[in-house]
Amino acid sequence: MCKPAEPADDAPAPYDAASLWSRLTYRYALPLFRVGVQRPLQIDDLPSIATRDELPDVTRRIVEAWELESQKPKPSLPWALARCMRRDLVLSGLLFLLDFGALVAQAALLRPFVNWLARSTGNAGGGFWRAALIVIAGLTNLFAHHAAFFMVMRIGWNLRLGMTVALQKKLLRTRAAEVSRVSTGFIVSLVTNDCQRFDNLLPFLHAPWVSAILIVVAYFLISNIVGYAAAAAGLSVLLVSVAIQARLGFVFKKLRAKTATRTDGRVRLISELLNGILSVKAFAWEEPCLEAVAAARSKEASTVLRAQWCRSLTAALYFSTTAMSVFATYAVYFRTQRGEKLSVGDVTSLVALLNALRQIVSFGCAYFAMAGPECLVAVRRMQRFLELDECARVPVPVDEHLLRADGATVAWPRASHPAVLDACCAVKPGQVIVVAGPVGCGKSSLLQASLGELDVTAGKLESSRGVVYAPQSAWIFSGTLLENVTLGAQKIDRRAFDRAVEACALRVDIDNLEHGEQTLLGERGVNLSGGQKARVGLARCVYASEVSLAAPLALLDDPLAAVDPAVGKHLLDACVFGALKKCGVVLATHSRQVLQRADAVLVLDANGTALGFSKWHNLPEEALALVRVDDDDDVDEEVVEAKDVIVS
């Protein structure tokens, strides 16, 4: 059995090491084909790809081109992508011109060759060089055609994969408030549908300008055979066919935009139904939900059907264009040139020229007219997403403060009133700072501003680059408990994981789960309680802080609200003031039990105005009035001790 040689780590890719002849004939792929003949290919059989096609390099070039373009007053993502791939686009354009130029030349060379055969003079020399020129033109068309299409398809898949990664990175950097402006279906459609449009367009990208050049050349060649009037008649039919197909392309563009909107709506509807499937089953809403999905799908299918009618009409025009062009040419020729005759070579060359033009003008331009508007709509949708605001954070050196606010005023995007006013605080490694105040005073807004999610309209708010964050509603993805705590890390630090589990009181929960830490959690943690979700989110923060080389900033958005007092006390002792103590902790809570243990307290009133930042006993009276600790608020120590036995 044929077995491929193990590639060395530093060995160049077969394409990079191939000679020009090997690239033209694709000999560099023969070893892989030989293995495929012997047995089914495995992932280890695949060689490394060319350096220029490496996904990190492609993504880097696309991102850099867009960042440069986005600095202009009116940025254009299509121009940025064209600039990114300009070298390959220019070379592929020249290859396409050579490809179809050779095809037209081959058709023109048929005239003297066929006329020579018809005369049968016996002079083999004259026929030999005519046949040799036809063969050379055919070989040129052969090599240029495959090289050109390979290059444009290569550009297409590079743009598709590179834009997919660029969109994913953009999603990770975009503010949550901005992401909420677009639907989940819109984001999913960008990757699953819109990125595919590059593969559809690139093979026909050069068709319009190559067609314009070849039409001028072919007009003079055809007019040399049948005259200017007949040549103009034949080419007019061809151009009218292209114009109709171009018009169909614009119709197709509108249908594509409408289809994309309806697809987004259908995907959004199905996502909402899946997220609320328990309620749907509990209230027996299956039939109304199915009717809603069917109605959305019916609207989407109607636009898809109209688009397919456009495709069918375009295909019909393509296959009938040559026949109609030949008919128009002969009709005008015999009308204007009465008594004139055409030789066999003239007829053969004329049909071959019109057929060659059909392949590039009718076929290429027709598909460009359909794929071009589709791709343009898709790229504009991508640009709309890439222009969303990103998290803007001002980093501070970690050797000074992990977080520092100096008169910071925080506001949500496009909000008329600020969420937090005149906040001043500073957090160093090893400190626990509490942000306190009544419900809805802006505690979560201040934490999100520290992440760059909100605008700082006045003052300064600087935070460390290394941040661990536990939101109010813990984010749980569909995976095992271990994967949720470690965020799917390939290499697990068992000591850090065990410390996170113990600090967040998850050991009893893991022991009670059927498969322990390998238990699959449902979508959004559907099989976990609210308190368990909060503790899994906290454990994720503890694990990240344990494996981090530098002490990160821990932002905890009221994780104690979802747990009972006994577990809350354990989390304070073992997690907030324990495992996370080496970090700088900012704990947002309206619970009054934490205030006396904190290194400092920032108090916000109901309007979000900062009333003071200091140790508990140094707060001004108006701040103490909002968060005063009374005897009735204290937790019964005997109850806590009794429940601690259960937790531990």
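The values are calculated or read from the model by the stated rules, or taken from the named source; none is laboratory data. This structure is a prediction, so every number in the text was calculated from the model and none was measured. Positions of Cβ are backbone-derived with ideal geometry, glycine not excepted, and every protein chain shown enters the neighbour counts. What goes into the accessible areas is simple: the full protein's heavy atoms, side chains included, and nothing from ligands, DNA or RNA. Shrake-Rupley method; radii C 1.70, N 1.55, O 1.52, S 1.80 Å.
Couple of notes before you dig in:
- Among residues of the stretch 258-279, those that are among the hydrophobic types (A, V, I, L, M, F, W, C) and either farther than 21 Å from V188 by Cβ or touching a strand residue (DSSP E or B) at 6+ places or on another chain (Cβ under 9 Å) (or both), counted: 1
- Of all residue pairs spaced 6 or more apart or on separate chains, those with beta-carbon atoms under 9 Å, a first member in the stretch 279-292 that is at negative phi and a second member that is surrounded by 10 or more Cβ atoms within 10 Å (Cβ to Cβ) and among the aromatic types (F, W, Y) are S279/W285.
- No other residue among Q168, Q106 is in contact (Cβ under 8 Å) with a residue 24 or more places away in the chain and either part of a loop (DSSP other than H, G, I, E, B) or of a type in the set (S, T, N, Q) (or both) apart from Q106.
- Tallying residues that are in contact with a Cys (Cβ under 6 Å, 6 or more places away or on another chain) and of a type in the set (A, V, I, L, M, F, W, C) within the stretch 552-586 yields 2.
- Counting only helices (runs of 4 or more DSSP H) that sit completely within the stretch 180-236, zero hold 2 or more residues that are out of contact with any strand residue (DSSP E or B) (no Cβ under 7 Å at 6 or more places or on another chain), over 21 Å from G345 (Cα atoms) and among the basic types (K, R).
- Applying a threshold of 9 Å to beta carbon distances and a minimum spacing of six or more residues, or different chains, the list of pairs starting in the stretch 193-204 at a residue that is within 18 Å of M151 (Cβ to Cβ) and ending at one that is surrounded by fewer than 18 Cβ atoms within 10 Å (Cβ to Cβ) and of a type in the set (A, V, I, L, M) reads D199/M153; L201/L376; L202/M153; P203/M153.
- Members of the stretch 485-504 that are touching a residue at least 24 places away in the same chain (Cβ under 8 Å), outside any loop (DSSP other than H, G, I, E, B) and acidic (D, E): E502
- Which numbered condition N123 misses (of (1) closer than 16 Å to L386 by Cβ; (2) open to solvent by 90 Å² or more (accessible area, probe 1.4 Å); (3) at pLDDT below 90; (4) of a type outside the set (A, V, I, L, M)): (1)
- Residue within the stretch 505-513 that is open to solvent by less than 70 Å² (accessible area, probe 1.4 Å), of a type outside the set (A, V, I, L, M) and either part of a loop (DSSP other than H, G, I, E, B) or farther than 29 Å from S279 by Cβ (or both) present: no
- Restricting the stretch 514-538 to residues that are in a helix (DSSP H, G or I) and touching a Leu at 6+ places or on another chain (Cβ under 6 Å), the residue that is surrounded by the fewest Cβ atoms within 10 Å (Cβ to Cβ): E517
- Search result, residues across the stretch 262-305 that are more than 27 Å from G522 (Cβ to Cβ) and open to solvent by 90 Å² or more (accessible area, probe 1.4 Å): K299, L305
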